[in-house]
Amino acid sequence: MKIKESAPHLLSVAAALILWQIAAAAICSPLILPEPTAVFRCLITMCGEPAFWRDEAYTFVRVAKAFSITAAAGTALGIASGLSRPVRKFLEFPVSLLRSTPVVSLILIIVFMAESSSVPVAVAALMSVPVMFSAISSGFTESEEDRKMMQMARVFRLTRWQRMKFIWIPKLRPFASAGLVASFGMSWKVVVAGEVLSLPKHAVGTRLSSAQVHLESQEVMAISLLIIAISFAMEKILKWSLSEKK
């Protein structure tokens, strides 16, 4: 059964590799589009370098910091917004402003204010908090079923803590899970983008920028593929850890 479910995904990957090979052969310029075999050889070489994994570890720590800030701040602001209409109105403008701000613009602004190693964390947190905030606050939208549950809570004289435990937490759990997964993916992308522009000493984004400057197309694509693979794997692990059917 699992093989049948995985078959479409494997076929999709195979089709992408075939199209990549055809395009590389047609362009016939490794500088513009290197062949898959050349990129994978470069990837294997990089994976054997301790310095690369050191840079990857620094990037992962930045992602973890940004994600932790996002989870805490986004959840707190989302709950406050859901429980208070004035708070929700107050937060509408800053949240909309952050959503509308291009990532590159925010990175370039914060570069003037913080150390290069802190820029990716700050930008990733600022860009991801609205995602978590929206997920949590949308969980407070009352349906007819919610109103009936609250009426029952009043009838049975449940305390505020009991209402939170038996009504609101179960209701908010799927919204929180969706927000965490989305903000984690956002954190990865923004942290790497921040590293590319702020150039901290140890970072995958700094390696990516250096490879681009030196016209190392194979290395650019190899690093990009590895970032995508690690991000995909970590997101799957996060989804599994948040799943109720583990």
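Across segment 58-84, what is the total count of residues that are basic (Lys, Arg) and without any contact (Cβ under 8 Å) to a residue 40 or more places away in the chain? Final tally of qualifying residues: 0. Consider segment 190-246 and keep the residues that are assigned to a helix (DSSP H, G or I) and basic (Lys, Arg). The one that is surrounded by the most Cβ atoms within 10 Å (Cβ to Cβ) is Arg207. Return a yes/no flag: does segment 190-200 have any residue that is among the hydroxyl-bearing types (Ser, Thr, Tyr) and in contact with a Leu (Cβ under 6 Å, 6 or more places away or on another chain). No, that holds for no residue.
Within segment 102-115, the set of residues being surrounded by 14 or more Cβ atoms within 10 Å (Cβ to Cβ) and either under 19 Å from Ser183 (Cα atoms) or outside the structural domain of Ala135 (by TED's automatic domain parsing) (or both) comprises Val103, Leu106, Ile107.
Contact map, segment 100-121: residues that are of a type in the set (D, E, K, R) paired with residues that are buried (at least 16 other Cβ atoms within 10 Å of the Cβ) and assigned to a loop (DSSP other than H, G, I, E, B), Cβ distance under 7 Å, separation 6+ or inter-chain. No pairs are found. Being out of contact with any Cys (no Cβ under 8 Å at 6 or more places or on another chain) and under 30 Å from Leu83 (Cα atoms) holds for only one residue in Arg207, Arg157, and it is Arg157. Per the conditions (1) modelled with pLDDT under 90; (2) under 27 Å from Gly48 (Cα atoms), the sole criterion not satisfied by Val196 is (1). In this structure, Ala57 qualifies as part of a helix (DSSP H, G or I), at pLDDT 90 or above and either in contact with an Asp or Glu (Cβ under 9 Å, 6 or more places away or on another chain) or loosely packed, with under 13 Cβ neighbours inside 10 Å (or both).
Taking first residues from segment 209-234 that are closer than 13 Å to Trp188 by Cα and partners that are β-branched (Val, Ile, Thr), the Cβ contacts under 7 Å between residues at least 6 apart in sequence or on separate chains come to Ile227/Val192; Ile227/Val204. The residues in segment 94-120 that are more than 18 Å from Thr75 (Cα to Cα) and in a helix (DSSP H, G or I) can be counted, and the count is 13.
Suppose we filter Ser137, Ser117, Ser84 for residues that are at pLDDT below 90 and in contact with a helix residue (DSSP H, G or I) (Cβ under 7 Å, 6 or more places away or on another chain); which single one remains?
Ser137
The values are calculated or read from the model by the stated rules, or taken from the named source; none is laboratory data. Bear in mind the structure is a predicted one, so any value in this text is a computation, not a measurement. Virtual Cβ from ideal backbone geometry, glycine too; neighbours counted across all protein chains shown.
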